[in-house]
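The values are calculated or read from the model by the stated rules, or taken from the named source; none is laboratory data. What you see is a predicted model, and the numbers here were worked out from it, not measured in a lab. Here Cβ is always computed from backbone atoms with ideal geometry, including for glycine, and neighbour counts include all displayed protein chains. Calculation scope for accessible area: heavy atoms of the full protein, side chains included, ligands and nucleic acids excluded. Shrake-Rupley method; radii C 1.70, N 1.55, O 1.52, S 1.80 Å.
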Amino acid sequence: MRSRLGQLLLQVIVSRLRDADVEDGVQLALLCGVLKSCVERLGQDLAEAVSVDDVVEVLARCTRRGKAGEQEALMAVGALARSVEGSLELERQLCDKVPAILPGLLAALQDADAACGPVAAEALGVLARTLGARLPPQHCADALRALLAATATPAAARSPLRVRLLSALADFALAAPAGVAPLLREYLDTLQQAAALQPQSESEAEIVQQLHEAACEGFTNVVQGFHQAQLSAELLAHCDAFVAYATDVLRDGSGGEYEGAVELLGYLAQALGEQNKVSLATTEVRALLDGVLQGSKATSETAATARWTKEQIFGPC
């Protein structure tokens, strides 16, 4: 009964949002908020009430209004992408509607001072996780360029928005690595810039740490995503960037990304394969890992990870 009532309510909301006379911002926000709740509660059962096309149509219209209601509409886009995940047919329908929904998401990213930027970034990340390699190449490239550009804006420098942007980029790297490959150097430069940030005051310490952890996630997702997609040649061409990042983190010797950097080198050795991982087997990398094992800052878990990484690169000791 609850499911049926939810389906009826969703039909009413979609029908109301189609009306051209719904211009009041507060009313739009309320309707989009209820739509989001219905989609989350119904999951894939939403298809028994309305089509994915219908939902995307009204949300695309709302995200382009540039007024109250836009943030709720963007949140509903993310909810829709989560709800259809696992249904090949519903995912296909959503993929077909990406050209309709993408312009509103990208426009919201450019409005970095508003609350819509982080929500749009999160919605893009969810779309990447749900659709993965099925994202149309050109639209995938447009989304990546917009995310990369948004990280460079002054408003995003040391803010939760930049954390969301980096998280969305990490989602693309893991779910749609072929789309990331043409922009890999710019992508890695963006991660390195975030990883190099230092707090300028005590109040910035937490957000900078979050940015460091997001950068570590980005580097790791690139390696894992490209490995799964058999794109080791691209990783080999940019091997220096991964080693430089890990070197900076391990020499600093602090932060939650410390163990992540150790693990990253092991994942990279796996991804490169026996023939190419020789590029990692340098005296500098060995010294870095020995420093982790001999130092006092590593936990027992980090030391175990360092031993595993060393074995991946140099073979059994």
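Among the residues of the range 273-290, are any free of Cβ contacts under 8 Å to residues at least 24 places away in the same chain, under 30 Å from ILE207 (Cα atoms) and part of a helix (DSSP H, G or I)? Checking the range 273-290: not a single residue is free of Cβ contacts under 8 Å to residues at least 24 places away in the same chain, under 30 Å from ILE207 (Cα atoms) and part of a helix (DSSP H, G or I).
Would you confirm, using the coordinates I've provided, whether LEU161 is within 15 Å of the chain's Cα centre (by Cα), hydrophobic (A, V, I, L, M, F, W, C) and under 15 Å from TYR245 (Cα atoms)? So LEU161 fails the test.
GLY218 meets each of the listed conditions (1) in contact (Cβ under 8 Å) with a residue 12 or more places away in the chain; (2) open to solvent by 40 Å² or more (accessible area, probe 1.4 Å) apart from (2).
Only one entry in GLN138, GLN193, GLN198 is more than 15 Å from the chain's Cα centre (by Cα), open to solvent by 40 Å² or more (accessible area, probe 1.4 Å) and closer than 26 Å to GLN270 by Cα, namely GLN193. Could you tell me whether LEU211 is under 15 Å from the mean Cα position of the chain (by Cα) and part of a helix (DSSP H, G or I)? Yes: the conditions hold for LEU211.
Per-residue answers, yes or no, for (1) modelled with pLDDT under 90; (2) touching a Leu at 6+ places or on another chain (Cβ under 9 Å); (3) polar (S, T, N, Q):
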{"residue": "LEU106", "(1), (2), (3)": "no, yes, no"}
{"residue": "LEU109", "(1), (2), (3)": "yes, yes, no"}
{"residue": "PRO118", "(1), (2), (3)": "no, yes, no"}
{"residue": "ASP142", "(1), (2), (3)": "no, yes, no"}
{"residue": "LEU147", "(1), (2), (3)": "no, yes, no"}
{"residue": "THR153", "(1), (2), (3)": "yes, yes, yes"}
{"residue": "VAL163", "(1), (2), (3)": "no, yes, no"}
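Looking at SER203, SER167, can you tell me which residue is out of contact with any Phe, Trp or Tyr (no Cβ under 8 Å at 6 or more places or on another chain), modelled with pLDDT under 95 and surrounded by fewer than 23 Cβ atoms within 10 Å (Cβ to Cβ)? None of the others qualify; the one that does is SER203.
Looking only at residues of the range 256-304 that are of a type in the set (Ser, Thr, Tyr) and either farther than 15 Å from GLN224 by Cβ or open to solvent by 60 Å² or more (accessible area, probe 1.4 Å) (or both), we find that the one that is modelled with the lowest pLDDT is SER296.
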